[in-house]
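Structure first, then comments.
The values are calculated or read from the model by the stated rules, or taken from the named source; none is laboratory data. Just so you know, these numbers come straight off a predicted model, no measurement behind them. Cβ: placed from backbone, ideal geometry, glycine included. Neighbour counts: every protein chain shown. Surface areas here come from the heavy atoms of the whole protein model, side chains and all, with no ligands, DNA or RNA. Shrake-Rupley method; radii C 1.70, N 1.55, O 1.52, S 1.80 Å.
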Amino acid sequence: MSNSYLIRNATIVNQGHSNHLEKRDIHVLNGKIQSIDSNINFKGTEIVGDDLFVSIGWTDLKVHLSDPGFEYKDSLESILETAAASGYTGVCTLPNTQPRVTNKSIVKYLLKNAEGKLTSLFPLGMISEDNRSENMAELFDMHSAGAIGFTNGDTTLKNGLLKKALLYCKPFNGKVISQPLDTSLHQGGVVNESDTTIHTGLKASPSIAEFLAVQQQIEIAKYCNAGLHISGISCKESVESIKQAKADGVEITCDASIFNLCFTDKEILNFDENFKVFPLLRTEEDRLALVKGVNSGVIDAISSNHYPQNIESKRVEFDYADFGALSLPFMYSWYLDFLSKDIKIETFISKISKDACNVLGLELAKIKEGEQANLTVFDAGKKWVFNKDSNESLSVNSHEFNKELTGCVIATFNNNKIKIKQ
């Protein structure tokens, strides 16, 4: 990025910054923040908006990777382009590809193909050799090759394997991430078990299938005296369990998906397959408990749970549709639409930037003169339409397709590159 850019009159959202929630101009020259001031005299490319904000670049903890093996859903390049257009300067990707990310060669393949992109890739490796194996994959080799941590993604992690992974990763501070689910209670459910869904005829899964697994995983982390990140909690009992664990000094962090913060199982009544997501959408009581958990700090980060699926996987009967929907492009719009009355903007931005980086142990970007520009610029008043022209993904699985939304990321800076959408 050899040109000069000025972010004009934007509210800085960066807790702890001397200009937090104040309007400033930010001059970026050759990929570095040149100056932060008011009314900077400037000739060049200006980034402007009616209600402009700027923060450090956003980081996501949960993007479903489809490369290698499922490139017809999304290539690695298109996922990173989607992330960049959505304000994300870093994404953490799940390893459930084909072949799965189980060795250093695949980690190196991913990192090599992500070189030179605006959005940095933080790949996760598989904990187990395959879905049925109790044997661990090559965790240390993957760590040495650049894997940010280890998970089995949305696949259930058995308690014995979790214990083994936590103890094995302690010496090199490997990050272990789990998805809590008791499969004997879940029984292949496709919707939440509640008064809302009981008459749909769809196979239901109770929230107890999640929070009992949460409690067990907390006890295993406590026993191993090791850190554990629990991904995608969706019910009030999970929030309460993690709150108590943190109070007891257990080294636990967690995230909640934007879907579970914004939507409930009432969406299922329309049988829109784009609301078939995992973790399952729960009740309004559960949703409010998650919002409270974000505000109190029990929930450390908000993830996108972005999951591209091709048409053949989604435009079928609800029972047979695959889980997942696009979400990265809508993170800010959904915040304004569903969460802004209950969660302050600085809290939301922190959960998708600084706090997410802290979970992964990443160095934090700074809005400071002389620092490399790692910035997200967004406009609260800008309206836009999600359609084939604005969609960077190869997939279209979203209920927002061809709809007008309010609130848009208009520029992303990182790795000496910029992506502008105005």
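What helices (runs of 4 or more DSSP H) lie completely within segment 262-345 and have 2 or more residues being closer than 23 Å to residue 384 by Cβ and in contact with a Phe, Trp or Tyr (Cβ under 8 Å, 6 or more places away or on another chain)? Walk me through it before giving the result.
Numbers: elements: 284-296, 311-314, 331-334.
Because the criterion is at least 2 residues that are closer than 23 Å to residue 384 by Cβ and in contact with a Phe, Trp or Tyr (Cβ under 8 Å, 6 or more places away or on another chain), the helices (runs of 4 or more DSSP H) in segment 262-345 that meet it are 331-334.
Looking at (1) in contact with a Cys (Cβ under 8 Å, 6 or more places away or on another chain); (2) more than 26 Å from residue 24 (Cα to Cα), which is the one condition that is false for residue 400?
Only one criterion in (1) in contact with a Cys (Cβ under 8 Å, 6 or more places away or on another chain); (2) more than 26 Å from residue 24 (Cα to Cα) is unmet by residue 400, namely (1).
Of the residues 249, 188, 232, which is part of a loop (DSSP other than H, G, I, E, B), open to solvent by 20 Å² or more (accessible area, probe 1.4 Å), under 20 Å from residue 297 (Cβ atoms) and of a type outside the set (A, V, I, L, M)?
Working: 188 fails: under 20 Å from residue 297 (Cβ atoms); 232 fails: open to solvent by 20 Å² or more (accessible area, probe 1.4 Å).
Just a single option satisfies the conditions, and that option is 249.
Residue 197 passes all but one of (1) in contact with a strand residue (DSSP E or B) (Cβ under 8 Å, 6 or more places away or on another chain); (2) open to solvent by less than 10 Å² (accessible area, probe 1.4 Å); (3) closer than 30 Å to residue 147 by Cβ; which number fails?
Unmet condition: (3).
Which members of segment 82-117 meet the condition of being within 16 Å of residue 63 (Cα to Cα) and either part of a loop (DSSP other than H, G, I, E, B) or open to solvent by 40 Å² or more (accessible area, probe 1.4 Å) (or both)?
If we filter segment 82-117 for residues that are within 16 Å of residue 63 (Cα to Cα), which is where we start, we get 82-98, 100-101, 107, 110-111, 114.
Residues satisfying the conditions are 86, 87, 94, 95, 96, 97, 98, 100, 101, 111, 114.
Quick check: is even one residue across segment 343-353 hydrophobic (A, V, I, L, M, F, W, C), open to solvent by 10 Å² or more (accessible area, probe 1.4 Å) and under 20 Å from residue 300 (Cα atoms)?
Of the residues in segment 343-353, the ones hydrophobic (A, V, I, L, M, F, W, C) are 343, 345, 348-349, 352.
From what is left, the residues that are open to solvent by 10 Å² or more (accessible area, probe 1.4 Å) are 345.
Filter again for under 20 Å from residue 300 (Cα atoms), leaving 345.
Yes, segment 343-353 has at least one match.
Could we say that residue 133 is at pLDDT below 95 and either over 15 Å from residue 152 (Cα atoms) or of a type in the set (Gly, Ala, Ser) (or both) here?
Values: at pLDDT below 95: yes; either over 15 Å from residue 152 (Cα atoms) or of a type in the set (Gly, Ala, Ser) (or both): yes.
It is true that residue 133 is at pLDDT below 95 and either over 15 Å from residue 152 (Cα atoms) or of a type in the set (Gly, Ala, Ser) (or both).
Table: residues versus (1) closer than 20 Å to residue 101 by Cα; (2) open to solvent by less than 50 Å² (accessible area, probe 1.4 Å); (3) part of a loop (DSSP other than H, G, I, E, B).
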position: 122; (1), (2), (3): yes, yes, no
position: 144; (1), (2), (3): yes, no, no
position: 155; (1), (2), (3): yes, yes, yes
position: 169; (1), (2), (3): yes, yes, no
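Do you know which residues across segment 1-47 are touching an Asp or Glu at 6+ places or on another chain (Cβ under 6 Å) and either modelled with pLDDT under 95 or in a loop (DSSP other than H, G, I, E, B) (or both)?
Answer for segment 1-47, where residues must be touching an Asp or Glu at 6+ places or on another chain (Cβ under 6 Å) and either modelled with pLDDT under 95 or in a loop (DSSP other than H, G, I, E, B) (or both): 13, 15, 40.
Looking at (1) small (Gly, Ala, Ser); (2) open to solvent by less than 10 Å² (accessible area, probe 1.4 Å); (3) over 19 Å from residue 265 (Cα atoms), which is the one condition that is false for residue 304?
(3)
Select from segment 161-213 the residues that are touching a Lys or Arg at 6+ places or on another chain (Cβ under 8 Å) and not polar (S, T, N, Q) and write down the one among them that is farthest from residue 284 (Cα to Cα).
Keep residues of segment 161-213 that are touching a Lys or Arg at 6+ places or on another chain (Cβ under 8 Å), which gives 169, 187-192, 194, 196, 207.
If we keep only those that are not polar (S, T, N, Q) as well, we get 169, 188-191.
Details: 169: 37, 188: 23, 189: 19, 190: 18, 191: 14 Å.
Per the criteria, the residue is 169.
Limited to segment 363-388, what total is found for residues that are more than 14 Å from residue 7 (Cβ to Cβ), touching a strand residue (DSSP E or B) at 6+ places or on another chain (Cβ under 7 Å) and open to solvent by less than 40 Å² (accessible area, probe 1.4 Å)?
Number satisfying all stated conditions: 4.
Out of segment 218-229, which residues are assigned to a loop (DSSP other than H, G, I, E, B) and within 22 Å of the chain's Cα centre (by Cα)?
First pass over segment 218-229, keeping only residues assigned to a loop (DSSP other than H, G, I, E, B): 225-227.
Residue satisfying the conditions is 227 alone.
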